[in-house]
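Notes to accompany the following structure.
The values are calculated or read from the model by the stated rules, or taken from the named source; none is laboratory data. Since we're looking at a predicted model, the values are computed, not measured. Neighbour counts are summed over all protein chains in view; Cβ atoms, including those assigned to glycine, are modelled from backbone coordinates with ideal geometry.
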């Protein structure tokens, strides 16, 4: 229990060296990797998200905590894969066509991974066809779309329209975010949700998976 | 009253004939698209639209010197991979004006700082200024009593440029992994700015304002904590503003997009007293609210939602009239809250300017005439962006 608390604290405090060594130590001592993930690592990133939403943490703290989470995940991921443990969900993540911005997208990806999701990062400047292909071929539960520019957010609607046209809209939830995006815009284009922050995206993804 | 006098009077709450009528600028695509709507190709926007001239900058080079060579590393059709003058490797559009995507950074750690950046940030490098003869000519122009335009002195950046050099992720790590390095970078940047200010101001130049650039906020707030900002940045802002104050430069503005609420009072405490461009955004920033909260100590430039200009004309008039009392009070110059995007029709922009001149300009005819568009010259609209295909 002490080890779990120490691992939790290491991630919350952003100490990636400690997160790695504590995870390795716990595994050597016979800990179940899924238990480490579910009872220390994901709760730690939830706490990071909570502090971020409360204005106690800012982007640097998110980033170093995520780095600590990744250090621990690098230790347990092969073990989880071998045990066929399922992630919280699989998310295809992309910045829409015409938009090369990836800072927000990457933060969302990092936080989703920290929240136990598997992330398929499709990159930037991604057109509807590539997203549809990911939905068809990669068994994703959620499509998460990002845009920074007011002139490119229309690409989100084009993507949703393409998902409908290809008959796969009902297979996935579509969530959107980015500086010019609002809840109203999400409603207008028929997205399933909008998150203002990276940690908010995790909460949203979980609620959609719970309702799926 | 000329533009210089009008700017100074406005920022000091003194009587003036009218508010300055200015803009922030335009996306490259906007002026191209507007040509199809009657805007004469090659025209100077300030002249065509009859606006007051924007400020001009003075002082030495406060960034990297010498800059890294701007090199195209790989042609990718509509985009290219290039090394920028700040050492950042980017993927950028050749034709669209979008912000380039960072792929790699020359600045990664203390070694790369010492090897590539510190030598380019010597505050005693004479090449930060032009030759003596050219410098004398510039100083003569900047100190000319009959100068009609506002002059801003470059006061650099303490976080924004370092964030660009490192990338957001790496600088965020450096803040925790090597706080001493982060502090050294901030101090070095401030030293370069101070050396430039000292030489320029000691030469007798008296600009109407000093200008800083940071862009360190996004739609949810600042990119670093206010606590860190206060501990590391504020002391160096204070060094800069104290020097400016010694020479009588009492208007210091910071260009910072995004939601600045958490940093605005800290900047104000540090002597940075003019917020620009008050991006309205999805967080609904409002210059009237900033004035209510911080009083006349805080000056404001911007605050007109650029997206409003694409909407109904009644909404444009309503917003101009809503802001009118603040404009009249002074210490505020209204402009669109960033460059005008291409979804704003030219006719709307002209309507906005005419309304601005009527209300904020008090209808005086010393605003230049707004350019006339011949309806017969308007071409059918063509496709604008690649995502429409």
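All told, residue B:109 falls short of being buried (at least 19 other Cβ atoms within 10 Å of the Cβ), away from chain A (no Cβ under 12 Å) and in contact (Cβ under 8 Å) with a residue 24 or more places away in the chain.
Step by step: first the residues of the stretch B:193-214, then only those that are closer than 18 Å to residue B:268 by Cβ and without any contact (Cβ under 8 Å) to a residue 60 or more places away in the chain, then the one that is surrounded by the most Cβ atoms within 10 Å (Cβ to Cβ). Which residue is that? Taking the candidates together, the pick is B:210.
In the stretch A:78-116, of all residues being assigned to a loop (DSSP other than H, G, I, E, B) and more than 24 Å from residue B:167 (Cβ to Cβ), the one that is nearest to the other protein chains (Cβ to nearest Cβ) corresponds to A:116.
Looking for something within 25 Å of residue B:262 (Cβ to Cβ), without any contact (Cβ under 8 Å) to a residue 60 or more places away in the chain and surrounded by 19 or more Cβ atoms within 10 Å (Cβ to Cβ) - is there at least one such residue anywhere in the stretch A:71-90? Scanning the stretch A:71-90 turns up no residue that is within 25 Å of residue B:262 (Cβ to Cβ), without any contact (Cβ under 8 Å) to a residue 60 or more places away in the chain and surrounded by 19 or more Cβ atoms within 10 Å (Cβ to Cβ).
For the stretch B:304-344, filtering for residues that are assigned to a loop (DSSP other than H, G, I, E, B) and more than 14 Å from chain A (Cβ to nearest Cβ) leaves 5. In the stretch B:298-320, how many residues are farther than 19 Å from residue A:180 by Cα and touching a helix residue (DSSP H, G or I) at 6+ places or on another chain (Cβ under 6 Å)? Within the stretch B:298-320, residues that are farther than 19 Å from residue A:180 by Cα and touching a helix residue (DSSP H, G or I) at 6+ places or on another chain (Cβ under 6 Å) number 9. Return yes or no: is residue A:55 within 14 Å of chain B (Cβ to nearest Cβ), touching a strand residue (DSSP E or B) at 6+ places or on another chain (Cβ under 6 Å) and within 16 Å of residue A:199 (Cα to Cα)? No: the conditions fail for residue A:55. For first residues located in the stretch A:139-158 and within 26 Å of residue B:257 (Cα to Cα) and more than 14 Å from chain B (Cβ to nearest Cβ), partners that are outside any loop (DSSP other than H, G, I, E, B) and modelled with pLDDT of 95 or more and lie 6+ apart or on another chain with Cβ distances below 6 Å form the pairs A:144/A:91; A:144/A:93; A:144/A:175. So is residue A:132 surrounded by 24 or more Cβ atoms within 10 Å (Cβ to Cβ), modelled with pLDDT of 90 or more and more than 10 Å from chain B (Cβ to nearest Cβ) or not? Considered against the rule, which asks whether it is surrounded by 24 or more Cβ atoms within 10 Å (Cβ to Cβ), modelled with pLDDT of 90 or more and more than 10 Å from chain B (Cβ to nearest Cβ), residue A:132 comes out as no.
Is there a residue being within 14 Å of chain A (Cβ to nearest Cβ), under 23 Å from the mean Cα position of the chain (by Cα), surrounded by 23 or more Cβ atoms within 10 Å (Cβ to Cβ) and in contact (Cβ under 8 Å) with a residue 60 or more places away in the chain anywhere in the stretch B:155-171? Yes: the stretch B:155-171 contains one or more residues that are within 14 Å of chain A (Cβ to nearest Cβ), under 23 Å from the mean Cα position of the chain (by Cα), surrounded by 23 or more Cβ atoms within 10 Å (Cβ to Cβ) and in contact (Cβ under 8 Å) with a residue 60 or more places away in the chain. Every test in (1) within 30 Å of residue B:93 (Cα to Cα); (2) at pLDDT 90 or above; (3) in contact with a strand residue (DSSP E or B) (Cβ under 6 Å, 6 or more places away or on another chain) is passed by residue A:117 save one, and that test is (1).
Among residues that are within 14 Å of another protein chain (Cβ to nearest Cβ) and modelled with pLDDT under 90, residue B:99 is included.
Does residue B:31 satisfy the criteria of being closer than 26 Å to residue B:84 by Cβ and either assigned to a loop (DSSP other than H, G, I, E, B) or modelled with pLDDT of 95 or more (or both)?
Considered against the rule, which asks whether it is closer than 26 Å to residue B:84 by Cβ and either assigned to a loop (DSSP other than H, G, I, E, B) or modelled with pLDDT of 95 or more (or both), residue B:31 comes out as no.
Restricting attention to the stretch B:28-42 and to residues that are touching a helix residue (DSSP H, G or I) at 6+ places or on another chain (Cβ under 9 Å) and within 14 Å of chain A (Cβ to nearest Cβ), the residue that is farthest from residue B:332 (Cα to Cα) turns out to be B:33. Scanning the stretch A:164-183 for residues that are at pLDDT 95 or above and out of contact with any strand residue (DSSP E or B) (no Cβ under 7 Å at 6 or more places or on another chain) returns A:164, A:165, A:166, A:167, A:168, A:169, A:170, A:171. The residue of the stretch B:1-24 that is farthest from the other protein chains (Cβ to nearest Cβ), among those that are under 23 Å from residue B:141 (Cβ atoms) and in contact with a helix residue (DSSP H, G or I) (Cβ under 8 Å, 6 or more places away or on another chain), is B:1. Residues of the stretch B:43-54 that are more than 19 Å from residue B:254 (Cβ to Cβ) and in contact with a helix residue (DSSP H, G or I) (Cβ under 9 Å, 6 or more places away or on another chain): B:43, B:45, B:49, B:50, B:51, B:52, B:53.
Being free of Cβ contacts under 8 Å to residues at least 40 places away in the same chain and surrounded by fewer than 22 Cβ atoms within 10 Å (Cβ to Cβ) narrows it down to one of A:167, A:109, A:200, so name that one. Checking each option against the conditions leaves just A:167.
Starting from the stretch A:15-31, keep only residues that are assigned to a helix (DSSP H, G or I), then list their pairs with residues that are surrounded by fewer than 19 Cβ atoms within 10 Å (Cβ to Cβ) whose Cβ atoms are within a distance under 6 Å, requiring at least 6 positions of separation or different chains. What qualifies is A:22/A:6; A:26/A:3. Among the residues making up the stretch B:55-83, those that are in contact with a helix residue (DSSP H, G or I) (Cβ under 9 Å, 6 or more places away or on another chain) and either crowded, with 18+ Cβ neighbours inside 10 Å or under 23 Å from residue B:113 (Cα atoms) (or both) are B:55, B:58, B:59, B:60, B:61, B:62, B:63, B:64, B:65, B:66, B:67, B:68.
Of everything in the stretch A:167-212 that is farther than 18 Å from residue B:221 by Cβ and in a loop (DSSP other than H, G, I, E, B), the residue that is nearest to the other protein chains (Cβ to nearest Cβ) is A:191.
How many residues are assigned to a helix (DSSP H, G or I), out of contact with any helix residue (DSSP H, G or I) (no Cβ under 9 Å at 6 or more places or on another chain) and within 14 Å of chain A (Cβ to nearest Cβ) when one looks only at the stretch B:242-292?
Within the stretch B:242-292, residues that are assigned to a helix (DSSP H, G or I), out of contact with any helix residue (DSSP H, G or I) (no Cβ under 9 Å at 6 or more places or on another chain) and within 14 Å of chain A (Cβ to nearest Cβ) number 0.
Per the conditions (1) in a loop (DSSP other than H, G, I, E, B); (2) in contact with a strand residue (DSSP E or B) (Cβ under 8 Å, 6 or more places away or on another chain); (3) within 14 Å of chain A (Cβ to nearest Cβ), the sole criterion not satisfied by residue B:207 is (3). Hey, does the stretch A:144-166 have a residue that's over 27 Å from residue B:221 (Cβ atoms) and assigned to a loop (DSSP other than H, G, I, E, B)? Yes - at least one qualifying residue is present in the stretch A:144-166.
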